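Visitor: Below is the structure I would like to discuss, written out as C-alpha cells.
The values are calculated or read from the model by the stated rules, or taken from the named source; none is laboratory data. Treat the numbers as computed from the prediction; the structure is a model and nothing was measured. Here the Cβ is made from the backbone with ideal geometry for all residues, glycine too, and neighbour counts use every protein chain on show. For the accessible areas, the whole protein counts, side chains as well, though only heavy atoms, and no ligand, DNA or RNA atoms are used. Shrake-Rupley method; radii C 1.70, N 1.55, O 1.52, S 1.80 Å.
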Amino acid sequence: MELEQPDPLRAGHRRRILITGSGGQLGRALQREFAADDLVALSHKEWDVADPPNSLLQGRFDLVLHAAAWTDVDGAEADPQGAAAVNIGGTANVASLGSPLVVFSTDYVFDGRKREPYVESDGPNPLSAYGRTKLQGEAAAGAEAWIVRTSWLFGSTGRNFVRTMLRLGAEREEVAVVDDQRGCPTYVGHLAHAVRELVDTDRPRGVWHLAAEGDCTWADFAEAVLSEAGLDCRVRRVSTEELGRPAPRPAYAVLRSERAGAPTLPHWREGLRACLAALGEG
Ligand SMILES: NC(=O)c1ccc[n+]([C@@H]2O[C@H](COP(=O)([O-])OP(=O)(O)OC[C@H]3O[C@@H](n4cnc5c(N)ncnc54)[C@H](OP(=O)(O)O)[C@@H]3O)[C@@H](O)[C@H]2O)c1
C-alpha cells in the first residue's frame, strides 16, 4: 500500500489528526500538544480498536497517533488473547486506515539483562505477555510507521505511579516500593512534545527510543515524588520477588536513542515537577 508522506511544511497548519485511546494519560497529553490541529480524538467507547474502523472514521487523516492499548501488564498474563486483540489486532486495524502513523511501544520488549542503555538496534526479548503483544504490535504497525518506544509513563490524569504514590503517601507512614528495576520515568507532556518534533520534522520512519533523561529505580522515583510533594512517608525498598507481581518485568530498562536527530526529553525530575504543577492547577 502506498502511504502518503506528511508534508513537514504543513506542520503549524491545521492537519486532520486522529488520536486513538484519547481518554488515556498519553492520549490526553497528545490532545494538548496537537491542539492547534484539527483533532478527531476517539475514546475506548467511541472506537474499540479491536474492532474494524467504524463510521466515525470517515475521510483521510494527515496523521494518526495511536495511543490506545491494553496497558494492564499483570492482567495480560491472565488474558494474553485479550491483550493481543487490542495490542496486535487493534494496531493492525489502525494501520489499515493507510494514514501516516505513530504507534507507541515499550521498554518491556527487552529482557533487561543489559546494564547499559537499550538502543534501537538492540534485539528485543520480551519477558511478559504484555511485552510480547507490544512487540508484535510493532510489526502490525508496518514498515511505514513511526514506532515510539517509551517507558514508565506518568501524567496528571489516569492511573499511574505518581498519582498512586501521592495517594498512598497521604494515607500511610510507609510504602514498600521495588528497588531492583531501573528505568526512565517519562512525563507524558514531554513525550507528546517529542512526538510532535518527530513528525513535524518528518524524521525517518521506524523505531525511535524516546524516554526522559536520567534513570532511577521505582523506589528512587517514589522518594522523589513524596519529597517534591512534601509528604511525610518513608519508602521501604523491596525486591521484585518480595512484591510477587504476576508479570515478570525487565530489571534494567533504560532507553536511549542511537539515531541521528532523535528528539531529546527533559530529565525525569523535571517531568515530575511539571506533572505536580499540572496536578496543582487541576
Ligand atoms: N504506561 C506506561 O508506563 C507505558 C510505558 C511504555 C509504553 N506505554 C505505551 O504508551 C501508550 C499509551 O499508554 P498510557 O500510559 O497512556 O495508557 P493508558 O493511560 O492506560 O491509556 C490507554 C487508553 O487506551 C484505551 N483502550 C484500552 N483498550 C482499548 C481498545 N480496545 N480500544 C480503544 N481504546 C482502548 C484505554 O481506555 P479504558 O481505560 O477505557 O480501557 C485508555 O484510555 C500505550 O501504547 C502503552 O503501551 C505505556
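Visitor: Right, Asn125: in contact with a Phe, Trp or Tyr (Cβ under 6 Å, 6 or more places away or on another chain) and not basic (Lys, Arg) or not?
Guide: No; evaluated as a whole, the condition is false for this residue.
Visitor: Right, another one. Starting from region 57-73, keep only residues that are at negative phi and of a type in the set (Lys, Arg), then list their pairs with residues that are open to solvent by less than 20 Å² (accessible area, probe 1.4 Å) and more than 7 Å from the ligand (Cβ to nearest atom) whose Cβ atoms are within a distance under 9 Å, requiring at least 6 positions of separation or different chains.
Guide: Listed by first residue and then by second, the contacts come to Arg60/Gly98; Arg60/Ser99.
Visitor: Moving to a separate point now. Among what's in region 84-130 and is among the acidic types (Asp, Glu) and either free of Cβ contacts under 8 Å to residues at least 12 places away in the same chain or part of a loop (DSSP other than H, G, I, E, B) (or both), pick the residue that is nearest to Gly142 (Cα to Cα). Before you say what the answer is, go through the steps one by one.
Guide: Residues of region 84-130 among the acidic types (Asp, Glu): 107, 111, 116, 120, 122.
Still in the running and either free of Cβ contacts under 8 Å to residues at least 12 places away in the same chain or part of a loop (DSSP other than H, G, I, E, B) (or both): 111, 116, 120, 122.
Working: Asp111: 23, Glu116: 28, Glu120: 16, Asp122: 19 Å.
Out of the qualifying residues, it is Glu120.
Every residue, every condition in (1) under 23 Å from His193 (Cβ atoms); (2) within 15 Å of the ligand (Cβ to nearest atom); (3) out of contact with any strand residue (DSSP E or B) (no Cβ under 9 Å at 6 or more places or on another chain); (4) open to solvent by 60 Å² or more (accessible area, probe 1.4 Å), yes or no:
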position: Ile19; (1), (2), (3), (4): yes, yes, no, no
position: Ala41; (1), (2), (3), (4): yes, yes, no, no
position: Pro52; (1), (2), (3), (4): no, yes, yes, yes
position: Leu57; (1), (2), (3), (4): no, yes, no, no
position: Arg60; (1), (2), (3), (4): no, no, no, yes
position: Leu63; (1), (2), (3), (4): yes, no, no, no
position: Ala85; (1), (2), (3), (4): no, yes, yes, no
position: Ile88; (1), (2), (3), (4): no, yes, yes, no
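Visitor: Of all residues in region 179-223, which are crowded, with 21+ Cβ neighbours inside 10 Å and acidic (Asp, Glu)?
Guide: Scanning region 179-223 gives a single hit, Asp215.
Visitor: Determine whether region 209-221 contains at least one residue that is touching a strand residue (DSSP E or B) at 6+ places or on another chain (Cβ under 7 Å), assigned to a loop (DSSP other than H, G, I, E, B), of a type outside the set (D, E, K, R) and on the phi > 0 side of the Ramachandran plot.
Guide: Scanning region 209-221, I find at least one residue that is touching a strand residue (DSSP E or B) at 6+ places or on another chain (Cβ under 7 Å), assigned to a loop (DSSP other than H, G, I, E, B), of a type outside the set (D, E, K, R) and on the phi > 0 side of the Ramachandran plot, so the answer is yes.
Visitor: Going by the structure shown, is Ala140 out of contact with any strand residue (DSSP E or B) (no Cβ under 7 Å at 6 or more places or on another chain), among the hydrophobic types (A, V, I, L, M, F, W, C) and open to solvent by less than 40 Å² (accessible area, probe 1.4 Å)?
Guide: Yes; evaluated as a whole, the condition is true for this residue.
Visitor: Looking only at region 149-162, filter to residues that are outside any helix (DSSP H, G or I) and either more than 8 Å from the ligand (Cβ to nearest atom) or of a type in the set (S, T, N, Q) (or both); which one of those is most open to solvent (accessible area, probe 1.4 Å)?
Guide: Our first condition is that a residue be outside any helix (DSSP H, G or I); within region 149-162, this holds for 149-160.
From the residues that got through so far, the ones that are either more than 8 Å from the ligand (Cβ to nearest atom) or of a type in the set (S, T, N, Q) (or both) too are 150-151, 156-157, 160.
Values: Thr150: 9, Ser151: 2, Ser156: 23, Thr157: 40, Asn160: 11 Å².
That would be Thr157.
Visitor: Please state which of the following conditions Arg32 fails to meet, knowing it meets all the rest: (1) open to solvent by 40 Å² or more (accessible area, probe 1.4 Å); (2) in a loop (DSSP other than H, G, I, E, B).
Guide: So the condition that Arg32 fails would be (2).
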